[in-house]
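**Q** Just passing along the structure, written as structure tokens.
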Amino acid sequence: MPYEKEQQHIIEAVRKASLLTLKVRAAALSTEKVGREPVTAADFGSQACICAELKQAFPNDGVVAEESAADFLGLGNPALRQQVVDLVGDTLEITVSENDVCTWLDHGHGVAANRQWVIDPIDGTKGFLAGRRYTIAVGLLVDGEPVFGVLGCPAYPVAGADDGKLFYGSVGDGAYSVRLNGEEITPITVSKQAATALLRGVESVESAHADHSAMDDIRAQLGASKDHVVRMDGQDKYAAVACGDADYYLRLSPDKTRKERIWDHAAGVAVITAAGGTITDLEGHPLDFSLGKTLDANRGIIASNGIYHDQIVTAVKVANA
Ligand code: AMP
Ligand code: MG
């Protein structure tokens with residue numbers, strides 16, 4: 001099985017990081033802004049736990065991750081730094097120092113290797129803070145291609161339970177889901193929905209991240225209904241398409257010059273690809289993950305079950321979005 005060792009180590013690390021984030025949310029811990037984006041103890045704690053595992057299991061691989069030791073040390077509130085140290089120690093069940101947290105946060109950064117782990121410790125921080133969805137996303141690029149991904153989705157709805165889900169997939173070995181507090185592994189695939197009027201979409205909640213009215217125009221062009229669209233934060237959108245809960249994910253920033261960050265997509269792209277779906281940019285070109293921290297060669301995202309992908313690309317063109 002490809003990426004068996006990666007599955008063994010990283011699914012468990014993402015599970016632990018997901019539980020850490022839930023603990024922070026339950027305690028309503030404080031927030032600071034780093035640049036324009038809000039961060040919490042959970043962002044740093046989640047990344048430190050995942051990178052501690054990477055350092056141990058895959059010490060020579062590179063890492064591209066959203067948070068850094070410099071931002072952690074730059075937190076104005078020392079109590080917030082101590083919360084991170086305590087959370088990481090409790091989660092890993094070892095004694096942890098601030099120095100350990102810094103080492104893990106920066107582990108693998110700038111390492112030139114053909115294997116690069118791409119991490120968003122909390123994708124959709126605004127959703128996390130508002131009590132909505134968010135995702136702990138870890139993807140593996142080999143020679144610039146997303147080949148393995150794990151999505152921790154602590155707020156993904158589970159019928160009859162409230163514990164969320166994990167999704168993972170290796171290209172060539174299919175995709176799977178498991179409950180956050182469960183063991184039973186379910187194979188997942190993209191939907192077979194082939195009627196445009198019934199297509200179910202997912203898109204960002206935040207209007208700063210996604211141009212909702214332009215996306216409505218594309219849907220009108222396609223013949224898909226905007227009544228069948230669910231808004232959610234983070235890479236839960238990729239998970240929804242991968243497991244057939246939705247048929248397509250459209251992402252079109254209101255800022256047409258914006259370049260997407262690779263940690264917002266690498267894990268989700270690996271999982272959707274493993275589940276049999278199709279992903280391109282708005283022009284129908286493949287996403288190029290080999291150009292650094294941003295998808296410099298691409299604008300926007302279309303992820304789908306593949307059946308209507310070309311029609312969506314055409315609808316984008318005709319709607320002139
Ligand atoms: P989502 O939860 O799908 O709306 O995406 C959250 C991600 O949107 C964050 O991780 C940011 O990297 C990204 N983001 C921030 N500003 C923008 C923007 N203007 N356009 C597109 N994405 C953005
Ligand atoms: Mg993000």
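**Q** DSSP loop (so not H, G, I, E, B), at most 16 other Cβ within 10 Å: list which GluC sites (Glu not before Pro) in the range 165-254 pass both filters. If you can, show how the numbers build up before the last one.
**A** Numbers: sites: Glu183, Glu184, Glu203, Glu206; in loops: Glu183, Glu184, Glu206.
Here the GluC sites (Glu not before Pro) that fit, given the DSSP loop and packing criteria, are Glu183, Glu184, Glu206.
**Q** What's the angle, to the nearest 10 degrees (0 to 90), between helix 41-57's Cα axis and the longest principal axis of the chain?
**A** In the chain, helix 41-57 runs at an angle near 80 degrees to the longest axis.
**Q** Here's a follow-up. So which GluC sites (Glu not before Pro) in the range 28-131 end up in coil per DSSP with only 13 or fewer other C-beta atoms within 10 Å? Kindly include the intermediate steps, with their values, before the conclusion.
**A** Working: sites: Glu32, Glu53, Glu66, Glu67, Glu93, Glu98; in loops: Glu66, Glu67, Glu93.
Listed in order of number, the matching sites are Glu93.
**Q** Something else: Please check which bits of the range 197-211 a label hung off Thr294 would reach, taking the label as a point 7 Å along Cα-to-C-beta and the cut-off as backbone N under 20 Å.
**A** 207-211
**Q** Taking 8 Å as the Cα distance limit and 6 or more residues as the minimum spacing, I'd like the relative contact order of the chain as a percentage.
**A** That works out to 16 percent.
**Q** Related question: 222 nm [θ] for the chain, helices only, -39500 (n - 2.57) per DSSP H run of 4+, per residue, to 500?
**A** Working: 10 runs with 113 residues, N = 321.
One gets -10500 deg cm²/dmol as the mean residue ellipticity at 222 nm.
**Q** What longest region of the chain stays clear of trypsin sites (Lys or Arg not before Pro) that DSSP places outside H, G, I, E and B and that have at most 15 other Cβ atoms within 10 Å? Intermediate values should be presented prior to the final figure.
**A** Working: sites that count: Arg36, Lys192, Lys256, Arg258, Lys293.
Longest run free of exposed loop sites: 37-191.
**Q** Using the Karplus curve 6.51 cos²θ - 1.76 cosθ + 1.60 with θ = phi - 60°, what ³J(HN,Hα) values do you get for each residue of the range 304-321, in whole Hz, with x for Gly and Pro?
**A** 7, 6, x, 5, 10, 4, 4, 5, 5, 4, 5, 4, 4, 4, 5, 6, 6, 7
**Q** For the range 97-196, what is the relative contact order in percent, using Cα pairs closer than 8 Å and at least 6 residues apart in sequence? Spell out each step's value before the answer.
**A** Working: 162 pairs, mean separation 14.8, N = 100.
Relative contact order, the range 97-196: 15 percent.
**Q** Take Leu198, project a point 7 Å from its Cα along the Cβ direction, then tell me which residues of the range 218-246 have their backbone nitrogen under 17 Å from it.
**A** The answer is 223-229, 244-246.
**Q** Would you list which lysines come within 29 Å of Lys317, measuring only between C-alpha atoms, while excluding same-chain residues fewer than 8 positions from it?
**A** Excluding near neighbours in sequence, the set is Lys192, Lys226, Lys237, Lys256, Lys259, Lys293.
The numbers here are math on the coordinates, done by the rules we state, and not lab data. Computed from a predicted model, the values in this text were never measured in an experiment. Cβ: placed from backbone, ideal geometry, glycine included. Neighbour counts: every protein chain shown.
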